[in-house]
Every structure is written in structure tokens, then in C-alpha cells.
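Reviewing the structure listed below.
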Amino acid sequence: MEKEEVKQKIYALVEKSVGRKKLKSSDIQKTISAELGISRDEVKNALKDLIDAGTLIYTYFGGSFVEIPPKQ
Amino acid sequence: MPKKYDTPLLDQLEKGSYPSFVTEIKKAAVKHESANDLLGALEQCYKDKKTHWKHGGIVGVRGYGGGVIGRYSDIPDQFPGVAHFHTIRINQPSGFFYNTKALRELMDLWDHYGSGLTNFHGSTGDLVLLGTKTENLEPLFAEVSSRGWDLGGSGSAMRTPSCCVGPGRCEWSNIDTLDITYSITQEFQDEMHRPAFPYKYKFKTSGCAVDCIASIARADCSIIGTWKGDIRIDQDAVKWYAKNGMDINAEIINRCPTKCMSYDGKELQIANEDCSRCMHCIAKMTKALRPGKEKGATILIGSKAPFVVGALLSWVVVPFMKMEPPYTEIKELTRKIWEWWDEFGKNRERTGELIERKGMRNFLEAVGLDPQPAMIREPRRDPFYFWQPDELK
């Protein structure tokens, strides 16, 4: 599985959850690795790229979550 | 900078014999607008008998999920200097050893980008910088990281590990707490900066059972230096203590928690097989007693302050572990613990709480540890280990 594809899947998952449920990093790792049949480390790696690029951000609201950054 | 606010309520906190944080804020207010507004905002909180701070949010530096704790005022128009007043955690050096050059450099940066207010150190162990604006976060981070500092942990992540001064200043340290803390910090960078746990996870390392950093009460993983073998006794030094006025029976023998010591007025005897290595006698008779020669650590899991359930103390899971670089055994055990916690932990549930909920037996099976007598928390309790049906075949 190409890393880009994993990144797209992660972004789509986070986007779909907006307004419904805040996702934790471990939720994303579990869901995507099960869905794509890849290791959690691969998901973690792709997530790291998305965070480093600022495409997704960490937020804290009584726990740490991964979210889409607010539009400026 | 002129005084902006009258603070009669805060002024009360300057009375008395102890140092006052109000005095320190007033000092910083001479130079910093934000510290000045902080006095006003805090006075308002006291007047209204409620906090005007909001906590959390989306502040941080790119790539990191922790290290910056968002603080916002809910009355920004009244106190614009503290409209945002974020806290930054800087990973402290192991054992809190700084040189003055490093401190001056850091404080110059903080005077430039922040309120000038600090907390040396937070209960996490971090060097805490109190109060800056969102737009200053990235430039400040770039400056501090270019000088070799890094952010500490916050949120649902591994928190900045901390330790006692260990062999740096203490001859009784059974392990190199400084090196262990540094090694754990380097090994688990990802877990510290990219929060992926159900909740926080803390490491604290003490060189001996005196536990100067209270790791047994404050860390999910407490690493406490200990030894194997007999306590080494210098009988001449015992005599020296007796001659110089120490009541050995009252101060040492009667205070031994396991009553494993005796003193007939001439010689001190220790039944080492009954010793729980609490360090009381060694700490009191430093000339006469020394720990045994084989050094290592006891690993305890699960302490925490009250939240989901009440306060817990850490529980022994490995009575003795050799602690030699690169500390593979503790790192592998940690990964197994995290895997189990990640699988079964609820949101905001600490490892100790999960062990309480699922049982020590499940925990031991999951992380591959054999039950041992040293794990039993108190006498006359039902043991937590039972044979599995397939183990009886």
C-alpha cells in the first residue's frame, strides 16, 4: 500500500468524523490498519507526515485528539 | 511599566513567612505588560470567586502534539495582555542540573517572547514557562530548539520522565537515575511528542527507596533503585554512632518496618532475608551501613492522583531488574504495558486504574510476567493468581 493512499484514508476518516466524534491517534491507527490490512506502524508513519505538513493537527480537550485545522 | 491595577485580595497572599507568587508576578510586571494584566485578571478571579481561564484547545507547534498547554482568558477585553497566556513545558535535564549560561540564555529568550514568569519545576518535572501569545509559539520553539532544548510532554502522551539527582550528588543511589531518564527520554520521543495513549503515562526514577522524588506516588512507572544480597555493616562505625549519642535501639532497631535488626549494645545484626530494603537504617547510619553489592531496580506500576478512581500507589511488578545500558528490559516491558493499555484502556483511564478494573492477573499474563510473592500488596489478602484450566493439564 502506497503511503499517499494511507494518508488519504486517514484524512478521509478524520474529515468524516467532524462534528460527530473526536478521534484519538490510537482510534485512527486501529481503524485504518484493520481496514487496509497494514501494520499500525505504517498508519502511524503516515499520520506523522500529515501532522508535520500541518494537514492535520493535535488538539486537546480533556484528552488528545487528531483534527483538521480550523480555516483561517 | 506603571502599576495598572489595585490588588487588595492578592496583596493578602504576600503576608506571612513564605515566598509569594504574587510578589514574583509584581516583579515581572515591571517589565512585562502580560504579567501586569495577569495581576488584574487574577484579582478579578478572586473577586468573582471563579476562574476566568479556559484550558486546552488547538495551540501547539507544528509536528508536536504536546508541550504547549493552551490558556485563554474569558474576559480578554478587560485584560488584553492575558487574552492568551499559554504555558510551555521544556524538557528539563535529568536530575535538574543546569549551568548558569544555559539558564541565562533561556531566560533572555523568555523575556523576549513571554511573560518572564517561570515555574522551576512543575510537578511533571518540566521547566515551565508561564504565559505567551499564540503568535510567539513557533519563533520561541525555533529559538529554544536551536539551543538544544526540547518541549516536554502533555496531553495523552508519555510525560517528560524525571528522576532524583541520583549518582550526580547522592552516594546512596543504587542506579544511574540520570542515564536511565535520558535513555528513556530518547527512546520514546515519539510517544512523548505525538499523543496516542488513552491518557498520560509518567516515568519517575529514584536511586533508592528513600524515593526523594516520590515516584511511588506520582508515576505510572516507578523505577526505584535497590540491591540484592546482604547490607554491608561496619561494626566499628556502629560503635562510633553509639559512642556519639545515637540510641541505636530507639532510632534504628525499633523503627525497622520488618523488625529484621537487632543490637545487643556491641554488635548490630541484620536478618537480611527479612529485610524489605526500605533504606531507613542506611539513611540514618550512613557511615556504618551500605547497600548490598548487586544493584538494580524494583519496577512498580500504577500510581496516580485521584481522577477516574481515587489515588493509587504504584504496585511492585518486577522485584529486581538489572539496570544497565541500553536498558532493554525496562523498554520492552514498557512497550508490552502500553500495548495492553492501548487495547483495553478507556479514554482517560490510567494504567493503574486499568489494572484495578481488569485485575493484576490479567495484567501479568498480558505483559508476560510471572507472579511472585513480592507482588502481594498486603498480607492476608486473597492471592490474585489462580491456575488457568490449561495449566492444570
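The values are calculated or read from the model by the stated rules, or taken from the named source; none is laboratory data. Note that this is a predicted model, so its numbers are computed, not measured. Positions of Cβ are generated from backbone atoms using ideal geometry, with glycine treated the same way; all protein chains shown enter the neighbour counts.
Here the condition is being out of contact with any strand residue (DSSP E or B) (no Cβ under 8 Å at 6 or more places or on another chain) and either within 19 Å of B:ASN36 (Cα to Cα) or outside the structural domain of B:LEU178 (by TED's automatic domain parsing) (or both); of B:ASP111, B:ASP126, it holds for B:ASP111 alone. Condition first: crowded, with 19+ Cβ neighbours inside 10 Å, at pLDDT 95 or above and out of contact with any strand residue (DSSP E or B) (no Cβ under 7 Å at 6 or more places or on another chain). Can you find one or more residues in segment B:45-64 that meet it? The answer is no, given that none of the residues of segment B:45-64 is crowded, with 19+ Cβ neighbours inside 10 Å, at pLDDT 95 or above and out of contact with any strand residue (DSSP E or B) (no Cβ under 7 Å at 6 or more places or on another chain). What do you reckon, is A:GLN29 surrounded by fewer than 19 Cβ atoms within 10 Å (Cβ to Cβ) and assigned to a helix (DSSP H, G or I)? No, not satisfied. Does segment B:214-235 hold any residues that are crowded, with 23+ Cβ neighbours inside 10 Å and either farther than 21 Å from B:ILE270 by Cβ or without any contact (Cβ under 8 Å) to a residue 60 or more places away in the chain (or both), and which are they? B:SER215, B:ALA219, B:ASP220, B:CYS221, B:SER222, B:ILE223, listed by residue number.
When segment B:306-352 is filtered for residues that are within 14 Å of another protein chain (Cβ to nearest Cβ) and either crowded, with 18+ Cβ neighbours inside 10 Å or touching a Cys at 6+ places or on another chain (Cβ under 8 Å) (or both), the ones remaining, listed by number, are B:TRP338, B:TRP340, B:TRP341, B:GLY345, B:GLU349, B:ARG350.
Scanning segment A:46-72 for residues that are assigned to a helix (DSSP H, G or I) and surrounded by fewer than 14 Cβ atoms within 10 Å (Cβ to Cβ) yields a total of 1. Checking B:TRP315, B:TRP387, B:TRP340 one by one, the residue that is touching a Phe, Trp or Tyr at 6+ places or on another chain (Cβ under 8 Å) and aromatic (Phe, Trp, Tyr) is B:TRP340 and no other.
Against the conditions (1) without any contact (Cβ under 8 Å) to a residue 60 or more places away in the chain; (2) hydroxyl-bearing (Ser, Thr, Tyr); (3) over 17 Å from B:LEU140 (Cβ atoms); (4) surrounded by 13 or more Cβ atoms within 10 Å (Cβ to Cβ), B:THR100 satisfies every one except (4). Show the residue pairs that are 6+ apart or on different chains and have beta-carbon atoms under 8 Å apart, the first residue being within segment B:351-368 and over 13 Å from B:VAL316 (Cα atoms), the second being acidic (Asp, Glu). From segment B:351-368, the pairs are B:THR351/B:ASP220; B:ARG357/B:GLU349; B:ALA366/B:GLU339. Taking segment A:1-41 as the range and being among the acidic types (Asp, Glu) and closer than 25 Å to B:TRP338 by Cβ as the test, the residues that pass are A:ASP27, A:GLU35, A:ASP41.
Looking only at segment B:27-82, residues that are small (Gly, Ala, Ser) and more than 14 Å from every other protein chain (Cβ to nearest Cβ) come to 8 in all. Condition check for B:ASP190 on (1) away from every other protein chain (no Cβ under 14 Å); (2) assigned to a helix (DSSP H, G or I); (3) surrounded by fewer than 20 Cβ atoms within 10 Å (Cβ to Cβ); (4) not hydroxyl-bearing (Ser, Thr, Tyr): one failure, at (1). Can you name every residue in segment B:145-187 that is away from every other protein chain (no Cβ under 14 Å) and among the hydroxyl-bearing types (Ser, Thr, Tyr)? Scanning segment B:145-187 gives B:SER145, B:SER146, B:THR160, B:SER162, B:SER173, B:THR177, B:THR181, B:TYR182, B:SER183, B:THR185.
Residue check: B:TYR72 meets all listed conditions (1) modelled with pLDDT of 90 or more; (2) surrounded by 15 or more Cβ atoms within 10 Å (Cβ to Cβ); (3) on the phi > 0 side of the Ramachandran plot; (4) not acidic (Asp, Glu) but one, namely (3).
For segment A:42-57, the set of residues classified as within 10 Å of chain B (Cβ to nearest Cβ) and either free of Cβ contacts under 8 Å to residues at least 24 places away in the same chain or of a type in the set (Gly, Ala, Ser) (or both) consists of A:LYS44, A:LYS48, A:ILE51, A:ASP52, A:ALA53, A:GLY54, A:ILE57, listed by residue number.
All conditions in (1) within 11 Å of chain B (Cβ to nearest Cβ); (2) within 27 Å of B:LYS346 (Cβ to Cβ); (3) touching a residue at least 40 places away in the same chain (Cβ under 8 Å) hold for A:VAL18, with the sole exception of (1).
Residue by residue, here is whether (1) in contact with a strand residue (DSSP E or B) (Cβ under 7 Å, 6 or more places away or on another chain); (2) modelled with pLDDT under 95; (3) in the same structural domain as B:THR118 (by TED's automatic domain parsing) holds:
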site	(1), (2), (3)
B:GLY131	yes, no, yes
B:LEU137	yes, no, yes
B:LEU140	yes, no, yes
B:GLY152	yes, no, no
B:GLU171	no, yes, no
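Note on segment B:159-200: residues that are hydroxyl-bearing (Ser, Thr, Tyr), closer than 25 Å to A:VAL66 by Cα and in contact with a Gly (Cβ under 9 Å, 6 or more places away or on another chain) amount to 2.
Where strands (runs of 3 or more DSSP E) fall entirely within segment B:65-184, those with at least 3 residues that are aliphatic (A, V, I, L, M) are at B:127-132.
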